Amino acid sequence: MARMQTVAAGQLGPIGPDEARPRVVARLIALLEEAKRRSCTLVVFPEMALTPFFPRRWIPRQTDRDRYFEFDMPSPETRPLFEAAAALNIGFYLGYCEAVGEGQDIRRYNTSVLVDGVGRIVGKYRKVHLPGNAEYDPTLKLQHLEACYFEDGDLGFPVFEAFAGRVGMLICNDRRWPEPYRVLALQGAELVCLGYNSPAFLPDTPEQNGLRTFHHLVPMQAAAYQNGMWIVATAKAGREDGCDMMGQSCVIAPSGEVVARATGVGDELVTCRIDLDATKAYKRFFDFDTYRRPQAYRLIVDRQGVGPPLSRGET
Ligand code: CDV
């Protein structure tokens, strides 16, 4: 039996430095309205979908950083998005900067929420793999200060029953690591929603020769196939705050094939009709119950970085 959903990547063009939340929310609502015309049930928006990607800037004072954070979700400014989604009966994934707590005890995360078709938050994820520097380094051509502005996500990789299936969430750099997908797949995830902000060029990396898009896609395509899952990956695109973003939002099938892809670098809805039951053939092929050998993989959780070779018989 097919479990069909029409899903969309709600790609965003750049968000201006002084673009107020209500203006951004209006852009998100316009994408939801287009999604309704195309019969979508779920729209995946990018990482930090309410603000510019501020970690590429050094902002010394916390009070100045806090304008990028949401202390409530929804807030008076973001509630219209939730109301529009409920009125249109469309769910969404939204990436944003989350602040929790009060006074001296405020914690800040790079977060996403999954919202169902009646405007209810059904899941939250906090980014685990925060790239970049924990301190400002003036010698770098491009700052990336996520590790300075956010704490590591503390919610693990949860999976939620939603949209007729099991849904997990990841954020940007998470997509380059194999472990998150497998942790989601071990909980039966069939669909992974992922928002990202990836520069089109990264100075000081081995990606100067046109490999950026390849390195964006190859881990997701491998993960979709190895774990039997759909992936909807959504970019912030275009030139934002002096930085060209890669765009390339896409939908990846459990076969590992890219089945839908953005063509531009502005606000754009990439839609795809997916069958969650198409995951089954791949999950059956890899048949974790029969073929996985966790006892042989112990090093993956016991060791963080590279160390000496194991002794004979050790795992
Ligand atoms: N926002 C990100 O996580 N960006 C990273 C870059 C900086 C490596 C990414 O994986 O695209």
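What follows is calculated from the coordinates using simple rules that are stated; it is not laboratory data. Please read all numbers here as calculations on a predicted model, not as lab measurements. Please note: Cβ atoms are built from the backbone with ideal geometry, for glycine as well, and neighbour counts cover all protein chains shown.
The stretch between THR315 and LYS283 holds 9.0 nm of extra length on full extension. This uses 0.36 nm per residue minus the Cα-Cα distance. Placing unit charges on the Cβ atoms of the charged side chains and taking the dipole of the chain about its Cα centre, the candidate lying farthest along the positive direction among TYR68, SER198, VAL159 is VAL159. Here the relative contact order of the chain, from alpha carbon pairs under 8 Å that lie six or more residues apart, stands at 21 percent. What number, in percent, do you get for the relative contact order of segment 1-113 if the mean sequence gap of Cα pairs under 8 Å and at least 6 apart is divided by its residue count? After rounding, I find 30 percent.
Peptides 15-25, 87-97, 41-51, ordered by how many other C-beta atoms sit within 10 Å of their residues on average, highest first, read 41-51, 87-97, 15-25.
A Förster distance of 35 Å, applied to the separation of the beta-carbon atoms of ASP137 and ALA86, puts the FRET efficiency at 0.20. Each residue of segment 82-94 is assigned a 3J(HN,Hα), and the resulting list reads 5, 5, 5, 4, 5, 5, 8, 6, 10, x, 8, 10, 10 Hz, derived from the Karplus form 6.51 cos²θ - 1.76 cosθ + 1.60 (θ = phi - 60°), x at Gly and Pro. Using a simple spin-label model with pseudo-atoms 7 Å out from Cα toward Cβ, TRP177 and ASP204 lie 2.1 nm apart. Length gained on full extension, GLU19 to ALA147: 43.6 nm, using 0.36 nm per residue less the C-alpha separation. Couplings 3J(HN,Hα) for segment 21-30, derived from phi with the Karplus relation 6.51 cos²θ - 1.76 cosθ + 1.60 (θ = phi - 60°), are 3, x, 5, 5, 4, 4, 5, 5, 5, 4 Hz, where x marks Gly and Pro.
Overall, the anisotropy analysis places segment 182-315 in the oblate class: the square-rooted eigenvalues a ≥ b ≥ c of its C-alpha gyration tensor yield a/c not less than 1.5, with a/b not exceeding b/c.
Taking a straight Cα-Cα cut-off under 23 Å and skipping sequence neighbours fewer than 8 places away in the same chain, the lysines within cross-link reach of LYS36 are LYS236. Between ARG37 and ILE300, how high is the FRET efficiency from 1/(1 + (r/R0)^6) when r is the Cβ-Cβ distance and R₀ = 41 Å? Nearest 0.05. Efficiency, rounded to the nearest 0.05: 0.35. Stretched out straight at 0.36 nm per residue, the stretch from ALA164 to ARG239 would grow longer than its current Cα-Cα span by 23.4 nm.
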